[in-house]
Amino acid sequence: MKLLHLADLHIGKRIYGYSMLEEQRQILDQVLWICQEQNPDIVLIAGDAYDKPVPGEEAVLLMDYFLTQLNRQKRKVVIISGNHDSGERLQFGKEIMEQKEIYIAGTFQGKLEQITVNDEWGEVIIYMLPFVKLSVMRKYGKFESLETAIQNFIQNTPISLSKRNILVAHQFVVNGSWMPECCDSEVTPVGGLDAIDCSVFEPFDYVALGHLHRAQKVGRETIRYAGSPLKYSFSEAMHHKSAVLVNLYEKNKIEWDTIPLRPIHEMREIKGRIKDLTDPNHYERADRQDYIRAIVTDEQELYRPLDTLRHIYPNLLRLDFENARMQEQKKEIEEIQIEKKTDLELFEQFFQKQNQIEMTEKQRQYIQNYLSDKR
């Protein structure tokens with residue numbers, strides 16, 4: 001059995017005011033072509049189908065087009081909600097869609113929804129865990145963290161370990177103290193309470209994750225983020241976007257590969273003096289239609305640099321300056337901010353930089369008491 005793992009489509013997204021719908025239609029057409037070439041039995045969409053809880057008309061029409069084409073190809077589709085989706089809106093017409101083998105889990109209702117499919121090696125059970133917060137889980141029990149809540153529901157789900165089990169989830173998953181790579185375009189959790197250790201997913205042969213925009217594994221090779229199909233921030237400029245093709249054979253035999261996805265326009269950064277960035281010897285080396293972040297290093301004042309650069313790079317999205325004057329201003333702002341912060345706030349900032357997570361309330365109270373005793 002073949003699975004095509006996608007995530008974080010963010011249909012309807014705008015970047016610096018620019019609509020990405022044309023790019024998204026083109027990339028979804030690539031996915032449809034991949035489906036025709038690779039012939040997956042099921043397409044998994046691991047959350048953030050839309051970019052907003054209330055998507056615009058054009059975004060809904062594009063999603064309708066994509067699902068209609070998948071249905072015409074006779075693909076089964078599994079979709080869960082992400083943190084950007086409205087679960088209730090996403091699963092509108094849920095029972096009708098299931099008649100077309102499009103299975104949607106928009107909201108968590110106290111158990112893992114599942115579907116069963118068969119191939120020559122027997123049953124494959126696909127479990128669906130839509131994006132969920134600790135506050136929702138606490139409706140079903142007194143859980144200290146989201147990890148303990150999800151672990152509880154998995155342990156209380158009758159999962160047959162002799163069968164092949166797949167989980168589709170949209171959460172922030174870690175491997176012990178190791179943190180996955182995040183991007184500027186994501187909403188990442190703070191405080192550590194929303195992080196899920198990958199060991200929780202041990203009963204599943206493959207875990208199709210959504211939420212983080214860089215394709216990467218977490219722990220073992222078969223717990224994977226597909227990543228977003230397009231670059232949605234300049235922190236992703238060096239990423240290689242792809243879809244994950246998973247081949248399921250008999251129990252304990254899984255093969256996977258990534259299939260590249262190529263956008264209409266790349267997203268990249270350029271840096272230098274205005275005269276260099278507008279020199280044909282510089283800009284003719286690459287596609288001027290790319291989405292550009294320009295970092296200008298001139299020390300002197302410039303006359304309308306945005307207009308000057310946009311004449312060469314029509315899809316210039318962001319303009320920043322990096323020179324001695326800007327560095328001095330940044331230093332002054334940081335010094336003012338430090339002066340305004342309390343000792344506790346400064347320690348919290350230091351703790352977060354060192355550990356990549358925020359302090360818990362218990363740790364904060366301990367430091368507060370320690371500082372009070374020292375006064």
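The values are calculated or read from the model by the stated rules, or taken from the named source; none is laboratory data. Just so you know, these numbers come straight off a predicted model, no measurement behind them. Don't worry about glycine lacking a Cβ; one is built from the backbone with ideal geometry, like all the others, and counts go over all protein chains shown. Only protein heavy atoms, including side chains, enter the accessible area calculation; ligands, DNA and RNA are left aside. Shrake-Rupley method; radii C 1.70, N 1.55, O 1.52, S 1.80 Å.
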Computed over the range 263-320, the ratio Rg/Rh where both radii use C-alpha atoms and Rh is Kirkwood: 0.94
Residue 74-residue 320 FRET efficiency (beta carbon distance; Förster radius 45 Å; 0.05 resolution): 0.40
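At R0 = 22 Å, how high is the FRET efficiency between residue 140 and residue 178 if r is their beta carbon distance? Nearest 0.05 is fine.
0.15
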Along each principal axis, Cα extent of the range 108-236, largest first, Å: 44, 39, 25
Charge dipole of the chain about the Cα centre (unit charges at C-beta), most positive-ward option of 309, 230, 103: 103
Fluctuation leader among 174, 244, 78 - the chain, Gaussian network, Cα springs under 10 angstrom: 174
Relative contact order [Cα under 8 Å, 6+ residues apart], the chain, whole percent: 14
For the range 50-140, the fraction of alpha-carbon pairs in successive 10 Å shells from zero, as %: 15, 43, 31, 10, 0
Phi-based couplings in Hz for the range 252-261 (Karplus 6.51, -1.76, 1.60; Gly and Pro marked x): 6, 10, 10, 10, 9, 8, 9, 10, x, 10
Fraction of beta bridges assigned by DSSP in the range 27-153 that are antiparallel (%, nearest 5): 45
Heavy atoms of residue 209 accessible to a 1.4 Å probe, total area in Å² rounded to 10: 0
Calculated Rg and Dmax of the chain using C-alpha coordinates, Å: 23.5, 72
Carbon/sulfur fraction of accessible area - the chain, other protein chains in place, 1.4 Å, %: 48
Fraction of beta bridges assigned by DSSP in the chain that are antiparallel (%, nearest 5): 35
Accessible surface, per residue, of the chain when the full set of protein chains is kept, probe 1.4 Å, Å²: 53
Long-range amide H partners of residue 226 with built H, under 5 Å: 209
